[in-house]
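Notes for the one structure printed next.
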Amino acid sequence: MRVDVVTIFGEYLAPLSLSLIGRARAQGLLDLRVHDLREHTRDRHRTVDDTPYGGGAGLLMKPEPWGEALDAVLADPPPADDGRGPVLLVPSPAGEVFTQAAAVELAAEPWLAFACGRYEGIDARVAEHYRARGVRVREVSLGDYVLNGGEVAVLVVVEAVARLLPGVVGNAASLAEESHAAEHDGLLEHPAYTKPASWRGLDVPAVLSSGDHGAVARWRREEALRRTARRRPDLLARLDPARCSGADLRVLAEEGFAPDGAGGFGPAAPAVAH
Ligand code: SAM
């Protein structure tokens with residue numbers, strides 16, 4: 001996969017040389033290229049920002065350097081480009097919230113490009129212009145809070161996407177067993193334990209040492225359902241009742257959830273007293 005990142009703070013992306021992502025780059029699985037937006041300015045001060053029309057606090061990133069920088073990225077496609085160009089990811093607290101499902105989609109792409117905003121963000125015409133040219137622009141948010149710049153979002157998205165590329169994580173089966181994995185219906189992962197069997201008075205649940213694989217699988221599924229119901233009930237709205245066993249339905253009922261009639265689960269209606 002090729003990843004192009006345009007930023008005024010290339011140093012911010014240094015962690016992408018470490019650990020599994022660094023190794024993936026060294027092995028040629030990930031070709032990450034960082035471009036300095038200021039290389040595409042024309043004035044002596046290499047200006048990338050200006051005051052917003054309409055007034056207000058803060059500065060905005062000017063469209064001209066972005067246009068030149070992104071045109072240069074688009075003009076240099078990787079051999080694997082299928083003719084559609086990159087998915088252009090624009091980090092923004094006003095974008096779609098980035099999820100594991102989005103990471104899976106992006107991992108199937110040969111080419112991603114990122115435009116890292118700073119200050120109060122990028123002039124809105126930049127995204128509009130590239131959309132009009134047929135570029136698949138996705139404004140992505142890490143969550144409902146505001147960061148200083150898009151570089152942290154690049155670290156997050158590249159790590160989440162690159163670990164899904166074949167060969168990046170040693171044991172690919174582990175990917176399917178994690179929280180939010182479609183293979184586990186998007187549920188949170190069950191609690192996990194390693195040795196010793198007893199630590200500070202806390203014992204590992206006996207079923208996990210029973211050698212009974214069926215019982216272990218049932219316990220894990222039940223714990224995943226309970227954890228999700230208690231911590232992230234919003235995720236149950238996307239849990240397909242058709243993929244739930246009778247045992248699953250009982251666990252969810254104990255946690256106060258029932259099929260919502262809209263393809264997921266919601267709070268069970270309170271029992272009517274007679
Ligand atoms: N004025 C913008 C707003 O209110 O929507 C916020 C700009 S923020 C201070 C500067 C940059 O940080 C954004 O352009 C974006 O690149 C990045 N950023 C901030 N919060 C983010 C979030 N939750 N997810 C992704 N990127 C974010």
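The values are calculated or read from the model by the stated rules, or taken from the named source; none is laboratory data. Computed from a predicted structure; not experimentally measured. All Cβ positions, glycine included, derive from the backbone under ideal geometry; neighbour counts span all protein chains shown.
Summed over region 150-165, the residues that are more than 9 Å from the ligand (Cβ to nearest atom) and either loosely packed, with under 13 Cβ neighbours inside 10 Å or more than 12 Å from the chain's Cα centre (by Cα) (or both) give a count of 1. In region 51-77, the qualifying residues are those that are part of a helix (DSSP H, G or I), farther than 16 Å from residue 3 by Cβ and not charged (D, E, K, R), and the one that is nearest to the chain's Cα centre (by Cα) is 66.
Scanning region 104-126 for residues that are within 11 Å of the ligand (Cβ to nearest atom) and either small (Gly, Ala, Ser) or free of Cβ contacts under 8 Å to residues at least 24 places away in the same chain (or both) yields 115, 117, 121, 124.
Table: residues versus (1) surrounded by fewer than 16 Cβ atoms within 10 Å (Cβ to Cβ); (2) not β-branched (Val, Ile, Thr).
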| position | (1), (2) |
| --- | --- |
| 3 | no, no |
| 17 | yes, yes |
| 28 | yes, yes |
| 74 | no, yes |
| 88 | no, yes |
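Do we find a residue being in a helix (DSSP H, G or I) and small (Gly, Ala, Ser) anywhere in region 27-50? Looking for residues that are in a helix (DSSP H, G or I) and small (Gly, Ala, Ser), one finds none in region 27-50, hence no.
Would you mind stating whether residue 49 is more than 30 Å from residue 167 (Cβ to Cβ), among the acidic types (Asp, Glu) and touching a residue at least 40 places away in the same chain (Cβ under 8 Å)? Taking the combined requirement at face value, the residue satisfies it. Taking every residue in region 69-96 that is closer than 16 Å to residue 115 by Cα and within 16 Å of the ligand (Cβ to nearest atom) and pairing it with any residue that is at pLDDT 95 or above and of a type in the set (S, T, N, Q), at least 6 positions away or on another chain, the pairs with Cβ-Cβ distances below 9 Å are 91/141; 92/141; 93/141; 94/141; 95/141; 96/141. In a residue-by-residue description of region 132-149, the property of being out of contact with any Leu (no Cβ under 9 Å at 6 or more places or on another chain), away from the ligand (no atom under 16 Å from the Cβ) and of a type in the set (A, V, I, L, M) applies to at least one position.
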